[in-house]
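Sharing a structure here in structure tokens format.
The values are calculated or read from the model by the stated rules, or taken from the named source; none is laboratory data. As the structure is a prediction and not an experimental result, all values here were calculated from the model. Using ideal geometry, Cβ is built from the backbone for each residue, glycine included, and neighbour counts are taken over all protein chains shown.
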Amino acid sequence: MAVEDIRLISTGNEELDIRLAGGIPFPSLIVIEGDHGTGKSVVAQQLIFGALKSSLKVIVVTTESTTMGYIKRMEQAGFPILDYYIMGKLTVYTTQLPGIKWTREFSRLLPAITSNYMVLKMDRYDVFVIDSFSHLATYSQPNEVLDFFTITRQIVDKGRLVIITIHPGTIREDLLTRIRAMCDGYFKLKNAVIGGRFVKIMNIVKLKGAPTVFD
């Protein structure tokens, strides 16, 4: 299937596809926001799995795990992606490198380094995932964050799907407002207790044709 012919990508989860009005639009820029433990990485992994099953090439940048640790977590979560990794359909990069100590000055450059890589290597992926952007942008200035999302928007407009997870509170609310305006999809995840039952809730702040809240 040619990339340009794809309009919706199944997540690989029938119930989630229904909630998302058929799947994730391709190409698009999707941002997933949530605190630790709300499941934003699992949602991103579900989208990764769906993209791989749709014969798309995926690159993941993880800031919270090693390469093999990330793959192992996906396998344990019920996403059998090891074969895709072995075949080169899935590439996982990590910032967790032994013996490397990130300085504040170098860390500030990470969003620009990442966006430059995304531009230079566009022929190597259909889907690019950053989990999580908050760690990349810890020391970045507001204009550097906006520059990153501007470049990302341009990449999406050239036919790619970009998925980014963020932690609330790490990016100023005024910046988030501008980022939401640039996104095709913006999901907010949170934990809640409803009727004595612990649930995870995803608020679809922005995604055309989809319901706004479900658990």
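If only one of V43, V3 is of a type in the set (A, V, I, L, M, F, W, C) and either modelled with pLDDT of 90 or more or surrounded by 18 or more Cβ atoms within 10 Å (Cβ to Cβ) (or both), which one is it?
Matching residue, one of V43, V3: V43.
Let me ask you something else. Just a yes or no: is a residue in segment 13-32 within 18 Å of H135 (Cβ to Cβ) and not in a helix (DSSP H, G or I)? Before the answer, list the steps.
Here is the first cut: in segment 13-32, the residues within 18 Å of H135 (Cβ to Cβ) are 31-32.
Add one more test, that the residue is not in a helix (DSSP H, G or I), and what stays is 31-32.
Checking segment 13-32: at least one residue is within 18 Å of H135 (Cβ to Cβ) and not in a helix (DSSP H, G or I).
Which of the residues spanning segment 72-120 are among the acidic types (D, E) and either surrounded by 15 or more Cβ atoms within 10 Å (Cβ to Cβ) or over 16 Å from A137 (Cα atoms) (or both)?
Selection gives E75, D83.
Right, here's the next one. From the list Y186, Y117, Y84, which residue is in contact with a helix residue (DSSP H, G or I) (Cβ under 6 Å, 6 or more places away or on another chain) and in a helix (DSSP H, G or I)?
After ruling out the rest, the residue left standing is Y84.
Would you point out the residue of segment 151-169, among those that are over 20 Å from L47 (Cα atoms) and surrounded by 15 or more Cβ atoms within 10 Å (Cβ to Cβ), that is modelled with the lowest pLDDT?
P168
Given the conditions (1) within 25 Å of M122 (Cα to Cα); (2) over 11 Å from the mean Cα position of the chain (by Cα), and given that L29 satisfies all but one, which numbered condition is not satisfied?
(2)
Next question, about the same structure. Only residues that are more than 14 Å from the chain's Cα centre (by Cα) and assigned to a loop (DSSP other than H, G, I, E, B): list them for segment 126-151, please.
Residues satisfying the conditions are A137, T138, Y139, S140, Q141.
Just a yes or no: is a residue in segment 34-49 farther than 17 Å from I166 by Cβ, part of a loop (DSSP other than H, G, I, E, B) and out of contact with any Phe, Trp or Tyr (no Cβ under 7 Å at 6 or more places or on another chain)?
no
Return the residue satisfying two criteria in turn: it lies in segment 50-68 and is touching a residue at least 12 places away in the same chain (Cβ under 8 Å) and in a helix (DSSP H, G or I), and of such residues it is surrounded by the most Cβ atoms within 10 Å (Cβ to Cβ).
Restricting to residues being touching a residue at least 12 places away in the same chain (Cβ under 8 Å) and in a helix (DSSP H, G or I), the top hit is A51.
Hey, E14 hits all of (1) modelled with pLDDT under 95; (2) surrounded by fewer than 16 Cβ atoms within 10 Å (Cβ to Cβ); (3) under 18 Å from the mean Cα position of the chain (by Cα) but one; which does it fall short on?
So E14 meets the others, but not (3).
Right, L120: aliphatic (A, V, I, L, M) and either on the phi > 0 side of the Ramachandran plot or over 17 Å from the mean Cα position of the chain (by Cα) (or both) or not?
Taking the combined requirement at face value, the residue satisfies it.
Which condition number does S55 fail, the rest of (1) touching a Phe, Trp or Tyr at 6+ places or on another chain (Cβ under 9 Å); (2) among the hydroxyl-bearing types (S, T, Y); (3) on the phi > 0 side of the Ramachandran plot being met?
Of the numbered conditions (1) touching a Phe, Trp or Tyr at 6+ places or on another chain (Cβ under 9 Å); (2) among the hydroxyl-bearing types (S, T, Y); (3) on the phi > 0 side of the Ramachandran plot, the odd one out for S55 is (1).
Of the conditions (1) part of a helix (DSSP H, G or I); (2) over 22 Å from P27 (Cα atoms), I179 fails just one. Which one is it?
So I179 meets the others, but not (2).
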